[in-house]
Number of protein chains: 2
Amino acid sequence: MVKYKSIAEQIRNRIINKEYDASKPLPDQEKLAKEFGTSRVTIIKALNLLSIEGLIYSKQGSGTYIRKNALQMSKLDSRADEYVGVTEQIKGNGKISSVIIAFNVRFPNEDECEKLMITKSQPIYDIVRFRLLNEEPFLIEHTIMPVHVIPNITEEILQKSIYQYIKNDLGLTMLGANRRIRADQPDELDQQYLKCTERDPVLEVIQVVYLDNGVPFEYSRTRHRYDMGDILVVDMKYKN
Amino acid sequence: MVKYKSIAEQIRNRIINKEYDASKPLPDQEKLAKEFGTSRVTIIKALNLLSIEGLIYSKQGSGTYIRKNALQMSKLDSRADEYVGVTEQIKGNGKISSVIIAFNVRFPNEDECEKLMITKSQPIYDIVRFRLLNEEPFLIEHTIMPVHVIPNITEEILQKSIYQYIKNDLGLTMLGANRRIRADQPDELDQQYLKCTERDPVLEVIQVVYLDNGVPFEYSRTRHRYDMGDILVVDMKYKN
DNA sequence: GAGTGGTCTAGACCACTAG
DNA sequence: TAGTGGTCTAGACCACTCC
């Protein structure tokens with residue numbers, strides 16, 4: 001663990017445990033540097049992390065302050081696996097299970113080539129999964145992934161989590177994603193699996209997900225029941 | 001303009017103008033530091049900015065590379081005013097006009113106090129606007145804002161942009177927002193103004209927007225016609 | 001092993017806030 | 001004017017990649 005991350009973690013814990021008076025600024029950077037036996041630059045990097053998380057904010061010439069709803073915000077992280085930051089209660093209780101509707105390999109069309117930055121001759125997986133949350137219909141997910149980027153996908157992996165396979169078995173890490181969110185009328189597949197009527201909207205998320213080396217590995221379209229959780233987006237600027 | 005931002009800008013321009021060979025890494029940090037007559041740390045800060053923008057990525061021990069779809073990505077910014085990153089074509093052509101449906105001042109309820117971090121005795125604006133894009137029904141926006149944070153709002157301001165007033169006239173800057181996105185069935189107001197039928201879903205965004213001093217100033221609920229643009233979310237990790 | 005990015009230091013000066 | 005965060009330097013060592 002690098003130093004600045006470890007320091008950030010310690011300060012984060014102090015804030016969460018209310019060891020700092022939230023009505024006053026944190027100790028200044030100089031003092032923190034002395035306390036942690038490090039240089040000011042390292043403290044700045046640590047504070048930066050917390051500032052990105054939305055836990056604190058700095059005001060030049062004044063000090064570094066704890067954001068009032070720091071605790072609320074610190075929960076709002078969204079990983080791609082559960083990118084739908086399904087509301088907290090769901091996150092806590094929920095068990096997700098998957099039914100594989102389709103699992104094929106084929107060549108990509110032009111749009112897919114462009115989105116995944118591959119050529120027409122590079123095969124892709126074409127996966128459709130129906131997912132349930134606590135046995136209730138939750139979403140339908142259409143996913144394509146280049147075979148050469150994410151090799152050896154099996155049905156067993158699809159039953160669980162593709163992301164865990166990518167992370168734990170392939171040792172790859174994700175950089176992030178580009179998402180496009182919209183509402184739509186339900187199509188036949190939606191009505192069949194999500195058990196919704198013609199009047200029940202679906203929430204659609206189309207995303208391209210990238211590895212940390214900049215290679216896109218997933219292009220997917222996910223359709224949610226409108227009453228099963230919403231999407232949380234935290235969008236904070238950062239300082240450098 | 002600080003040095004590292006200026007350097008980032010220059011490198012960004014070179015990338016966009018294809019002055020660097022995208023198939024090879026950028027010059028290493030040492031070389032860039034020498035070229036720009038600065039230290040390596042400053043170059044790192046500049047590259048960091050570009051990395052956050054998604055234009056480049058670094059691989060330890062290897063080099064700094066241009067992301068292949070760099071140009072695409074660099075367009076995907078989302079300001080809060082137009083937080084609905086209405087798809088590009090709309091962004092380009094669109095003219096937004098507003099009709100004020102309601103504009104009142106009242107005391108907040110408990111939920112509103114909590115979201116805006118104010119007390120029950122601090123009055124708020126309560127605004128409902130119907131907004132059109134190129135004369136077509138686009139969205140309905142319910143907004144509340146604390147009067148003491150954003151004083152002197154007038155109907156004239158509401159006709160244009162609240163955000164421009166906040167930025168230009170009040171001299172305040174936004175830090176960001178917390179958004180919650182979902183699909184919903186249309187209610188009566190939606191059907192009346194957005195001209196949608198019972199089967200046309202709406203896309204709802206509930207957001208709390210913050211100033212850069214950490215004070216929330218807006219709590220709003222916006223309901224969109226489902227066929228008028230979607231929401232773009234770029235969610236990239238950054239280093240440090 | 002050579003080259004490159006990641007982290008860290010100690011110290012300096014500047015920009016801004018607030019009393 | 002004193003105190004605080006923001007930027008910057010020059011140099012060091014480490015971690016990792018790739019040959």
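Structural remarks
- Any hit, segment A:58-65, residues being near DNA strand C (Cβ under 10 Å from one of its atoms), modelled with pLDDT of 90 or more and more than 10 Å from chain B (Cβ to nearest Cβ): yes
The rows are residues; the columns are (1) more than 12 Å from DNA strand C (Cβ to nearest atom); (2) at pLDDT below 85; (3) not charged (D, E, K, R).
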| residue | (1), (2), (3) |
| --- | --- |
| B:19 | yes, no, no |
| B:33 | no, no, yes |
| B:43 | no, no, yes |
| B:74 | yes, yes, yes |
| B:85 | yes, yes, yes |
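- Matching option when the condition is out of contact with any Cys (no Cβ under 7 Å at 6 or more places or on another chain), away from every other protein chain (no Cβ under 14 Å) and more than 30 Å from residue B:199 (Cβ to Cβ), among A:193, A:125: A:125
- Per the listing B:146, B:151, the residue uniquely modelled with pLDDT of 90 or more and either over 17 Å from residue B:163 (Cβ atoms) or not basic (Lys, Arg) (or both) is B:146.
- Every condition in (1) within 14 Å of chain B (Cβ to nearest Cβ); (2) buried (at least 19 other Cβ atoms within 10 Å of the Cβ) is met by residue A:199 except one, and the failing one is (2).
- With respect to the conditions (1) in contact (Cβ under 8 Å) with a residue 12 or more places away in the chain; (2) within 15 Å of DNA strand C (Cβ to nearest atom); (3) within 12 Å of chain B (Cβ to nearest Cβ); (4) not hydroxyl-bearing (Ser, Thr, Tyr), residue A:2 lacks only one, and its number is (1).
- Residue check, residue B:34 of a type in the set (Lys, Arg) and within 15 Å of DNA strand D (Cβ to nearest atom): yes
- Checking B:22, B:33 one by one, the residue that is part of a helix (DSSP H, G or I), surrounded by 12 or more Cβ atoms within 10 Å (Cβ to Cβ) and not hydroxyl-bearing (Ser, Thr, Tyr) is B:33 and no other.
The values are calculated or read from the model by the stated rules, or taken from the named source; none is laboratory data. Quick caveat: nothing in here was measured; it's all calculated off a predicted structure. Every residue, glycine among them, receives a Cβ derived from its backbone with ideal geometry; neighbour counts consider all protein chains shown.
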